[in-house]
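These notes concern the structure reproduced below.
The values are calculated or read from the model by the stated rules, or taken from the named source; none is laboratory data. These numbers come from a predicted model, not from an experiment. Because the Cβ atoms are built from the backbone with ideal geometry, glycine has one as well, and the counts that use them run over all protein chains shown.
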């Protein structure tokens, strides 16, 4: 029903408008209740006990969908085992100029240059205080404000980490979005170690919650080797692989359309292969010692299983949810069970 009726209707509108329509629908109590009846799927064999957390299932919602933690309880009714809110910054910011989100229908992909638009971390905390569903795991994805120079970035990450600490179950440090100027420079060895070491100091003093680093798919093997070294040195818990890509290879969408869209991070099916390559490389080079949350191009159960076989412990969807609809989580969970219970 979603692909036949709902998606064609939503795709009549610009992507950001469609997003607001979906959020408004989710907030209708009857709709939210109905989603829970239809799409929640529980099985003890899907449960994952990782990093001291109990995940109802290994399928999560990636950061960027619920940037401000305004509808995570409603999204939990779609069956997600965990939901990552953010990316959030210390101060509210409007993000980049619109239009900044584009569909590539022929590729089942998106290009976004949102620019960390959000209401700020304090507004997020107030919403998380009203959390109703404590069964689903909530992650907090943190970033820096656009106006903050890189030499002061640590203070932004530190501020978000401290503010969110009591209200999320795990953290993800985002230094890999291509849509904030110079942000990806923070993936370099020394600035990244400085940020992660400081956050781990705070983390240890507060009781220690799982801390992950979200990386770009565009890193070279040498840079991935550095990531493995950094994870080991800083003793963070793992990696989210991957963020969106700036590359545009092998797309069906005509070049003139891509040129008209311009800059931004590409997500969806075209990212699947590279995301899996990064996961496999990190897993093999680290002798499977680094826990990985897979993100990038997961639209089907087969996509998710491929990521798990490559070395991931958990998977996240975003663009796949938009193209496949709310049934995606249940389908992936069933597919995983079919494979693991043979």
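Restricting to region 309-342, name every residue that is surrounded by fewer than 19 Cβ atoms within 10 Å (Cβ to Cβ) and not in a loop (DSSP other than H, G, I, E, B).
Matches in region 309-342: 309, 330, 334, 335, 337, 338, 339, 340.
Mind checking which residues of region 89-145 are surrounded by 22 or more Cβ atoms within 10 Å (Cβ to Cβ) and at pLDDT below 95?
136
Return the residues of region 163-198 that are in contact with a helix residue (DSSP H, G or I) (Cβ under 6 Å, 6 or more places away or on another chain), in a loop (DSSP other than H, G, I, E, B) and farther than 30 Å from residue 135 by Cβ; say none if nothing qualifies.
175, 182, listed by residue number.
Could you tell me whether region 269-290 includes any residue that is under 20 Å from residue 140 (Cβ atoms), out of contact with any helix residue (DSSP H, G or I) (no Cβ under 7 Å at 6 or more places or on another chain) and not in a loop (DSSP other than H, G, I, E, B)? Show your work before the answer.
Let us first name the residues in region 269-290 that are under 20 Å from residue 140 (Cβ atoms), namely none.
The answer is no, given that none of the residues of region 269-290 is under 20 Å from residue 140 (Cβ atoms), out of contact with any helix residue (DSSP H, G or I) (no Cβ under 7 Å at 6 or more places or on another chain) and not in a loop (DSSP other than H, G, I, E, B).
Inspect region 238-252 for any residue being more than 30 Å from residue 196 (Cβ to Cβ), touching a residue at least 60 places away in the same chain (Cβ under 8 Å) and either part of a helix (DSSP H, G or I) or over 19 Å from the mean Cα position of the chain (by Cα) (or both) and give the result as yes or no. Walk me through how you get there before you give the answer.
The first filter runs over region 238-252 and keeps only residues more than 30 Å from residue 196 (Cβ to Cβ), leaving 248-252.
After this cut, where a residue has to be touching a residue at least 60 places away in the same chain (Cβ under 8 Å) as well, the list is 251-252.
Retained after the next criterion (residues that are either part of a helix (DSSP H, G or I) or over 19 Å from the mean Cα position of the chain (by Cα) (or both)): 251-252.
Yes, some residue in region 238-252 is more than 30 Å from residue 196 (Cβ to Cβ), touching a residue at least 60 places away in the same chain (Cβ under 8 Å) and either part of a helix (DSSP H, G or I) or over 19 Å from the mean Cα position of the chain (by Cα) (or both).
Quick check on region 33-55: of everything there that is buried (at least 19 other Cβ atoms within 10 Å of the Cβ) and in contact with a strand residue (DSSP E or B) (Cβ under 8 Å, 6 or more places away or on another chain), which residue is nearest to residue 132 (Cα to Cα)?
Residue satisfying both the conditions and the ranking: 55.
Any residue in region 155-169 that is within 28 Å of residue 225 (Cα to Cα), crowded, with 17+ Cβ neighbours inside 10 Å, in contact with a strand residue (DSSP E or B) (Cβ under 7 Å, 6 or more places away or on another chain) and free of Cβ contacts under 8 Å to residues at least 60 places away in the same chain?
yes
Determine which member of the set 202, 228 is modelled with pLDDT of 95 or more and under 22 Å from the mean Cα position of the chain (by Cα). Let's see the steps before the verdict.
Details: 202 fails: under 22 Å from the mean Cα position of the chain (by Cα).
Just one listed residue meets the conditions, 228.
Inspect all residues belonging to region 42-55 and state whether any of them is touching a helix residue (DSSP H, G or I) at 6+ places or on another chain (Cβ under 7 Å), modelled with pLDDT of 95 or more and closer than 23 Å to residue 296 by Cα.
Yes, some residue in region 42-55 is touching a helix residue (DSSP H, G or I) at 6+ places or on another chain (Cβ under 7 Å), modelled with pLDDT of 95 or more and closer than 23 Å to residue 296 by Cα.
Look through region 253-275, keep the residues that are closer than 21 Å to residue 61 by Cα and free of Cβ contacts under 8 Å to residues at least 40 places away in the same chain, and return whichever of them is surrounded by the fewest Cβ atoms within 10 Å (Cβ to Cβ).
273
Go through region 205-227 residue by residue and tally those that are closer than 26 Å to residue 162 by Cα and surrounded by fewer than 19 Cβ atoms within 10 Å (Cβ to Cβ). Full working, then the answer.
Here is the first cut: in region 205-227, the residues closer than 26 Å to residue 162 by Cα are 205-216, 227.
Narrowing further to those that are surrounded by fewer than 19 Cβ atoms within 10 Å (Cβ to Cβ): 205-208.
Within region 205-227, residues that are closer than 26 Å to residue 162 by Cα and surrounded by fewer than 19 Cβ atoms within 10 Å (Cβ to Cβ) number 4.
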